[in-house]
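Peer 1: Just passing along the structure, written as structure tokens.
Readers should treat all values here as calculations from the given coordinates under stated rules, not as data from a laboratory. None of these values were measured; they are calculated from a predicted model. Here Cβ is always computed from backbone atoms with ideal geometry, including for glycine, and neighbour counts include all displayed protein chains.
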Amino acid sequence: MPSNIFANSSAFQHLLAHVNDIKETTISQLFEQEPERFTQFSLEAAGLFLDYSKNRLTGTTRDLLLQLAEQQHVEQQRDAMFAGQKVNFTEQRAVLHTALRAPKNQPHFLDGTDINQQIHGVLEQMRVFTEQIHRGEKRGVTGLRFTDIVNIGIGGSDLGPKMVCHALRNIARPDLRMHFVSNVDGHALDAVLRQLNPASTLFIIASKTFTTADTMLNAHSAKRWFLTFFSDAGVSHHFVAVSSNPAAVSQFGIDQKNRFDFWDWVGGRYSLWSAIGLPIALALGFEHFRALLDGACAMDQHFQHAPLAQNMPVLLALTGIWNRNFEECGSISIATYHQDLLYFPNFLQQLDMESNGKCVNRHGQATQTATAPVIWGDVGTNGQHAYFQFLHQGADITPVDFITCIRPQHALPEHHTTLLANCLAQSKALMLGKTAQQAEEELQEQGLSPQQIALLAPHRTFPGNRPSNTILMDTLSPSALGALIALYEHKVTVQGFCWGINSFDQWGVELGKVLAKSIAGTLISSEPDNNHDGSTKGLIARIRERQKSPP
Ligand code: F6P
């Protein structure tokens with residue numbers, strides 16, 4: 001795979017000089033100088049509209065960023081990914097989640113074999129299963145229809161389906177309640193189990209590896225709970241698995257006919273398009289799950305075929321690289337102005353930070369530059385009354401992605417006008433700010449004394465010049481959501497390609513998992529603890545001591 005060191009490319013060096021050249025220019029000044037700026041820095045693709053004009057970048061900046069993408073061989077790396085080459089080079093795996101959402105007639109080759117048949121085989125298994133549940137043909141062991149579905153999984157086996165089920169709850173079937181248990185904290189499982197009738201509950205154990213300790217403990221506890229009501233024979237009616245590990249599924253006691261397969265070329269955080277999306281199909285109906293896949297596929301087509309200069313994921317990625325590596329912004333806030341996108345920031349957090357939270361490049365060297373930013377956020381307008389103060393006047397500059405839809409799916413039009421007005425007002429305020437002179441004039445108009453004005457004006461001044469993107473969807477439909485998720489997946493991928501890192505492994509989460517096993521042993525042991533560092537040892541001793549005394 002061709003790859004240059006990011007910081008050594010000539011475009012990177014030119015960008016370093018260029019950021020200095022425009023350091024005195026504000027975003028507002030760019031709008032004054034360029035009457036066509038909005039048109040020139042916005043585009044439409046796969047039903048989404050992206051406005052990136054409120055970033056502090058010029059046409060020259062964009063040209064240099066596009067040169068950077070070319071020098072980093074973004075197109076070749078993208079094509080290699082779609083062609084099934086092993087771009088996940090530390091695990092020697094292909095990265096083909098895009099094949100999961102492609103139409104049936106589009107072949108996808110992996111090591112010379114067309115994987116289309118396996119993909120559509122599992123999709124068909126999901127469709128049939130979903131329809132059997134919906135029609136009441138598949139029931140619990142006593143003959144009751146299912147009313148509750150509990151997805152037990154974590155990370156990519158939880159965040160994607162949970163986010164989508166919530167985002168599209170407006171079109172969800174009213175006869176099925178969805179529950180998601182991810183945390184190993186027993187409070188999570190306990191709170192869900194208390195609400196359930198075991199006779200009408202279906203458990204989905206979702207784990208690619210079927211070895212993730214958190215999921216397996218939750219799964220075993222759920223099964224134990226179920227077996228307090230029913231015999232082993234009931235398990236096959238009430239437990240299904242989504243996993244690429246058939247042996248572990250059988251060992252758990254789930255029949256292979258109740259296993260939905262997926263493959264090592266689907267990364268956990270890219271897996272909602274696979275059978276990991278089963279809760280989505282169950283909650284919404286299979287046709288809506290298919291529409292979600294189709295929306296993502298439309299974005300894939302655009303990403304694969306649009307020239308870099310008109311390619312939405314590429315431009316979103318390059319704008320992010322500009323803000324991260326040249327404007328030195330350490331985080332991005334995701335502000336979803338749609339209540340149902342509540343879990344979208346969490347989902348993006350895993351997608352971006354697990355993919356690009358790496359400081360070693362493909363040559364095994366330190367990257368020398370920053371990589372993934374911190375991703376955080378919440379729904380608007382809630383965030384405005386919590387952390388937007390920091391965005392407007394904090395000492396750090398944090399770019400914001402505003403995401404909203406033009407048409408709501410409720411009959412409260414005045415709410416939607418207010419929501420949209422707030423969304424647009426925030427990005428405008430972040431860009432324009434308020435000068436000291438404007439603040440002073442306002443205070444004079446309010447009749448304040450010169451001393452009061454001198455005291456207050458600095459606090460009522462907003463620096464402005466704070467960057468943001470705005471993404472508009474017509475309405476939050478399954479296809480628009482599919483396109484939105486795929487947009488961010490490809491954004492993250494393009495950034496990884498530019499930085500020369502592997503966006504598809506996650507070795508960084510291993511160490512903590514290994515240590516947790518050893519600490520768990522020490523916590524329940526009464527032997528002297530000689531295995532841990534001073535702090536861990538001290539904490540373990542305190543916990544052991546306190547657990548001995550009555551509550
Ligand atoms: O936390 C690491 C991770 O491997 C994620 O990448 C993955 O989504 C999650 O754990 C769950 O893994 P599994 O589906 O194998 O249980």
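Peer 1: Along the charge dipole of the chain, Cβ charges K/R +1 and D/E -1, which of 549, 69, 452 sits furthest on the positive end?
Peer 2: Value: 549.
Peer 1: What number comes out for the charge environment of residue 148, summing +1 per Lys or Arg and -1 per Asp or Glu over other residues with Cβ under 11 Å away?
Peer 2: Numbers: positive: 145, 177; negative: 175.
So the environment of residue 148 carries a net charge of +1.
Peer 1: What does the extension gain come out to for residue 14 and residue 213, with contour length at 0.36 nm per residue minus their alpha carbon separation?
Peer 2: Working: separation 199, 0.36 × 199 = 71.64 nm, distance 4.77 nm.
Result for the pair: 66.9 nm of gain on full extension.
Peer 1: Still on this structure, please answer the following. Please work out the Cα center distance from the stretch 274-308 to the stretch 43-83, rounded to the nearest Å.
Peer 2: Distance between centres, Cα-based: 22 Å.
Peer 1: As an exercise, use a Förster radius of 56 Å and the Cβ-Cβ distance of residue 170 and residue 451 to find the FRET efficiency, rounded to the nearest 0.05.
Peer 2: 0.55
Peer 1: Quick one: length gained pulling residue 44 to residue 545 fully straight, 0.36 nm per residue minus the C-alpha distance?
Peer 2: 174.2 nm
Peer 1: Follow-up. Suppose the Debye formula is applied to equal point scatterers at every Cα of the chain; what is log10 I(q)/I(0) at q = 0.07, 0.09, 0.10, 0.12 Å⁻¹?
Peer 2: -0.47, -0.75, -0.91, -1.22
Peer 1: Counting only C-alpha contacts under 8 Å and six or more residues apart, can you give the relative contact order of the chain as a whole percent?
Peer 2: Computed over the chain, the figure is 19 percent.
Peer 1: Using +1 on the beta carbon of Lys and Arg, -1 on that of Asp and Glu, and nothing else charged, what's the dipole of the chain about the Cα centre, debye to 20?
Peer 2: 1520 debye
Peer 1: So what J values fall out for the stretch 96-107 if you push phi through Karplus, 6.51 cos²θ - 1.76 cosθ + 1.60 with θ = phi - 60°, rounded to Hz, Gly and Pro as x?
Peer 2: Listing the rounded values in order: 10, 4, 5, 5, 5, 10, 6, x, 4, 7, 9, x Hz.
Peer 1: Normalised radius of gyration for the stretch 113-291, please: alpha carbon Rg relative to 2.2 N^0.38 Å, two decimal places.
Peer 2: 0.94
Peer 1: Near the amide H of residue 87, under 5 Å away, which other amide H atoms are found, from residues 5 or more places off or on another chain, if H is placed in the peptide plane?
Peer 2: For residue 87, the qualifying residues are 95.
Peer 1: Taking the simple approach of a point 7 Å from Cα along Cα-to-Cβ for both residue 32 and residue 135, what is their distance in nm?
Peer 2: Taking the simple label geometry, residue 32 and residue 135 are separated by 6.8 nm.
Peer 1: Counting other C-beta atoms within 10 Å, which of 390, 344 has the fewest, and how do the rest follow?
Peer 2: 390, 344
Peer 1: For 453, 276, 321, 133, which order do you get if you count the other beta carbons within 10 Å of each Cβ and list the fewest first? Numbers along the way, then the final one.
Peer 2: Values: 453 17, 276 28, 321 25, 133 20.
Placing the least packed residue first, the sequence is 453, 133, 321, 276.
Peer 1: For residue 526 and residue 90, what is the calculated FRET efficiency with R₀ set at 45 Å and r taken between the beta-carbons, to the nearest 0.05?
Peer 2: About 0.65, to the nearest 0.05.
Peer 1: Name the long-range amide H neighbours of residue 259: under 5 Å, sequence gap of 5 or more, or other chain; modelled H, no Pro or chain starts.
Peer 2: Counting only residues 5 or more places away or on other chains, the set is 241.
Peer 1: Could you list, in their original order, any pairs among 86/208; 257/517; 138/257; 104/358; 138/223; 104/138 whose Cα atoms are separated by more than 24 Å?
Peer 2: From 86/208; 257/517; 138/257; 104/358; 138/223; 104/138, over 24 Å: 257/517; 104/358; 104/138.
Peer 1: Then there is this: Largest first, please: the extent of the C-alpha atoms of the stretch 416-551 along each principal axis, to the nearest Å.
Peer 2: Taking max minus min along each principal axis of the Cα atoms, the stretch 416-551 gives 74, 50, 35 Å.
Peer 1: What list do you get for 175, 529 if you sort them by fewest beta carbons within 10 Å?
Peer 2: Least to most surrounded, the residues fall as 175, 529.
Peer 1: Which FRET efficiency value, to the nearest 0.05, do you get for residue 4 and residue 414 by plugging their Cβ-Cβ distance into 1/(1 + (r/R0)^6) with R0 = 56 Å?
Peer 2: E(calc), rounded to 0.05, equals 0.55.
Peer 1: Work out the P(r) tail for the stretch 143-196: percent of alpha carbon pairs separated by more than 12 Å, whole number.
Peer 2: Pairs farther apart than 12 Å: 68 percent.
Peer 1: Provide the percentage of antiparallel DSSP beta bridges, counting only those with both residues in the chain; round to the nearest 5.
Peer 2: Among the beta bridges of the chain, antiparallel pairing accounts for roughly 30 percent.
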